[in-house]
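Undergrad: First the structure, then my questions, so here it is.
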């Protein structure tokens with residue numbers, strides 16, 4: 001109220017004209033009439049009366065306005081106007097609080113433009129170098145069509161000196177010169193062989209034991225053998241969800257009895273060319289064995305005195321036992337039991353081609369599902385997987401339907417006889433040892449990928465010559481680890497960063513992280529706080545932008561690992577955010593770096609974020625697989641297990657922590 005008269009005096013001194021565009025009055029909440037806005041009294045009233053903002057927005061909406069532009073320091077009014085303007089209205093604030101003004105204004109103009117507004121882009125972009133470009137006539141709707149790779153048939157492998165094994169799971173074969181052996185290779189993946197995804201054991205996609213047997217049978221054919229005398233499966237072959245697994249089937253020389261060793265190994269695609277191969281099957285092939293008829297008579301079918309077994313819920317019960325079979329492997333059609341014998345009918349789905357296999361693994365696996373009919377008489381009737389085969393012969397290939405006889409010869413042993421619907425023999429197995437899937441549980445996940453650890457290896461191409469760049473020492477503590485002879489590349493010393501910046505700053509600055517406090521916890525806190533302060537100061541001062549600050553750790557006796565650990569973690573994080581600005585030099589306790597060794601470490605440090613000096617040698621960190629070694633009982637255990645002791649897993653209740661913890665205990 002007190003300012004109104006003074007404001008009126010100012011308003012009366014101004015000249016007024018009718019607006020060129022219709023104006024909605026905040027005093028009346030409607031479009032101003034002619035002459036309403038050109039009097040001093042109106043503007044005095046405008047200062048005093050309530051702002052009818054909502055009424056004004058509603059009037060604009062009724063007049064057909066659909067685009068509203070807010071000219072102000074933020075977008076508060078645009079939010080207030082939303083309800084009155086309607087859901088279809090466009091409300092664009094030109095400026096936003098705490099946002100860059102030019103970018104925000106251009107974005108507002110662009111938003112108006114794409115919604116039908118006019119923009120003089122030539123005037124807006126004048127002097128910026130901007131130019132118009134053609135855009136698509138509509139917003140593309142993205143849909144991905146990823147190519148499906150093929151494991152075989154990608155080229156003529158004979159050009160590489162290899163043979164073709166003519167098998168869906170194998171891509172090449174080569175005879176070994178100077179011996180009578182052979183190697184067959186292939187690649188398995190869920191993209192190239194999607195039917196394998198229907199074989200899930202304990203949550204992992206396993207290559208079925210019947211597929212490994214199929215590979216052994218094919219290898220036997222290549223070298224003239226007709227019997228897989230024995231094949232043991234010591235480790236499951238797990239397929240990853242993405243990528244593939246390379247496989248090798250190796251056949252040795254024939255001995256005096258014409259027997260040959262056979263082995264099946266795998267290695268994931270992601271491993272380097274020198275990574276270890278995992279053994280999944282090994283055994284013996286034989287030739288000239290007597291292939292007598294099995295005695296499996298199917299002329300009377302179903303067999304006499306065999307009682308039918310309901311298999312309706314077979315695959316539901318198998319799933320509860322940890323074996324989840326998809327449609328391709330659900331081939332069990334009917335089953336009958338007579339004492340220790342089970343008879344069954346199995347068949348492939350119509351869309352599955354078994355003609356390219358000796359015996360399709362899914363069909364053979366379905367034949368073994370008939371052990372379901374043994375019920376609860378033994379532990380392997382449900383949830384069993386093949387472990388060891390003996391006396392396997394393939395009499396005919398390409399079957400798509402089978403009649404099966406399983407004969408129980410022991411608690412976990414079966415004899416298997418297979419015939420086609422006409423009664424002709426297809427395959428026979430003298431003995432199959434079945435192992436419960438729960439016995440092998442825990443090894444499935446671990447067989448997909450190797451476990452890695454950090455290994456310190458000698459740095460390559462280190463000649464011992466001094467680094468060409470000059471070096472400064474920061475603080476007096478560093479003098480205990482660095483030699484000061486004439487050949488050393490040290491050109492300056494400084495007590496702190498401010499003193500260092502007073503002169504020319506070398507390309508590398510070394511600072512030691514030490515503490516004289518007796519308490520480990522207090523010491524760790526002290527050096528971590530100092531390291532953090534140095535990192536912040538180093539980044540904040542542009543004078544250090546062209547130099548690198550190298551933290552020297554490990555130079556103290558006792559609990560130096562605990563003291564150095566927070567410094568290492570802090571510097572590694574800083575290295576990731578600011579590449580090339582920081583380095584780590586880990587020196588063994590009590591060591592003094594000679595001019596030659598310091599020069600070598602600095603030469604390597606230019607390309608490495610972290611360098612260690614041990615025993616007069618410069619080392620760099622590399623990822624390496626945890627190798628398997630034999631434990632006290634002869635079983636293979638990982639390097640971590642050999643080391644023993646307690647393992648602290650930080651974040652052990654999180655997703656990755658649970659994976660690590662599970663790997664350590666299973």
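The values are calculated or read from the model by the stated rules, or taken from the named source; none is laboratory data. Keep in mind it's a predicted model, so treat the numbers as computed, not measured. For neighbour counting, all protein chains shown are included, and Cβ atoms are generated from backbone atoms with ideal geometry for every residue, glycine included.
Undergrad: State yes or no: is residue 562 within 21 Å of residue 612 (Cα to Cα) and part of a strand (DSSP E or B)?
TA: no
Undergrad: Right, here's the next one. When the range 219-253 is examined, which residues are found to be surrounded by fewer than 22 Cβ atoms within 10 Å (Cβ to Cβ), in a helix (DSSP H, G or I) and touching a residue at least 60 places away in the same chain (Cβ under 8 Å)?
TA: 221, the sole residue that qualifies.
Undergrad: Continuing with the same structure: Criterion first (within 23 Å of the chain's Cα centre (by Cα), modelled with pLDDT of 90 or more and surrounded by 16 or more Cβ atoms within 10 Å (Cβ to Cβ)) does residue 199 satisfy it?
TA: Yes; evaluated as a whole, the condition is true for this residue.
Undergrad: Please indicate, with yes or no, whether at least one residue in the range 402-423 is touching a residue at least 40 places away in the same chain (Cβ under 8 Å), surrounded by fewer than 23 Cβ atoms within 10 Å (Cβ to Cβ) and part of a helix (DSSP H, G or I).
TA: Checked the range 402-423: no residue is touching a residue at least 40 places away in the same chain (Cβ under 8 Å), surrounded by fewer than 23 Cβ atoms within 10 Å (Cβ to Cβ) and part of a helix (DSSP H, G or I).
Undergrad: So, restricting to helices (runs of 4 or more DSSP H) that lie completely within the range 1-66, which ones have at least 2 residues that are closer than 16 Å to residue 85 by Cβ, in the same structural domain as residue 90 (by TED's automatic domain parsing) and in contact (Cβ under 8 Å) with a residue 24 or more places away in the chain?
TA: 53-62
Undergrad: Here are the criteria: (1) under 24 Å from residue 27 (Cα atoms); (2) at pLDDT 90 or above; (3) part of a helix (DSSP H, G or I). Tell me which single one residue 109 does not satisfy.
TA: (1)
Undergrad: For the range 308-365, give me every one of the strands (runs of 3 or more DSSP E) that falls completely inside it and has 1 or more residues that are under 32 Å from the mean Cα position of the chain (by Cα), crowded, with 22+ Cβ neighbours inside 10 Å and at pLDDT 90 or above.
TA: Hits in the range 308-365: 323-325.
Undergrad: Of everything in the range 165-208, what is more than 17 Å from residue 246 (Cβ to Cβ), in a loop (DSSP other than H, G, I, E, B) and free of Cβ contacts under 8 Å to residues at least 60 places away in the same chain? Give them in sequence order.
TA: 166, 176, 177, 178
Undergrad: Here's a follow-up. When the residues of the range 261-272 are narrowed to those that are in contact with a strand residue (DSSP E or B) (Cβ under 9 Å, 6 or more places away or on another chain) and surrounded by fewer than 17 Cβ atoms within 10 Å (Cβ to Cβ), which ends up modelled with the highest pLDDT?
TA: Let us first name the residues in the range 261-272 that are in contact with a strand residue (DSSP E or B) (Cβ under 9 Å, 6 or more places away or on another chain), namely 261-269, 271.
Narrowing the set further to residues that are surrounded by fewer than 17 Cβ atoms within 10 Å (Cβ to Cβ) leaves 261, 269, 271.
Values: 261: 94, 269: 83, 271: 57.
Looking at the filtered set, the residue picked out is 261.
Undergrad: Cβ-Cβ distance below 7 Å, separation of 6 or more or different chains: which pairs start in the range 286-305 with a residue that is over 17 Å from residue 403 (Cα atoms) and end on one that is modelled with pLDDT under 85 and surrounded by 15 or more Cβ atoms within 10 Å (Cβ to Cβ)?
TA: none
Undergrad: With respect to residue 99, determine if the residue is without any contact (Cβ under 8 Å) to a residue 40 or more places away in the chain, within 24 Å of residue 53 (Cα to Cα) and surrounded by fewer than 16 Cβ atoms within 10 Å (Cβ to Cβ).
TA: No: the conditions fail for residue 99.
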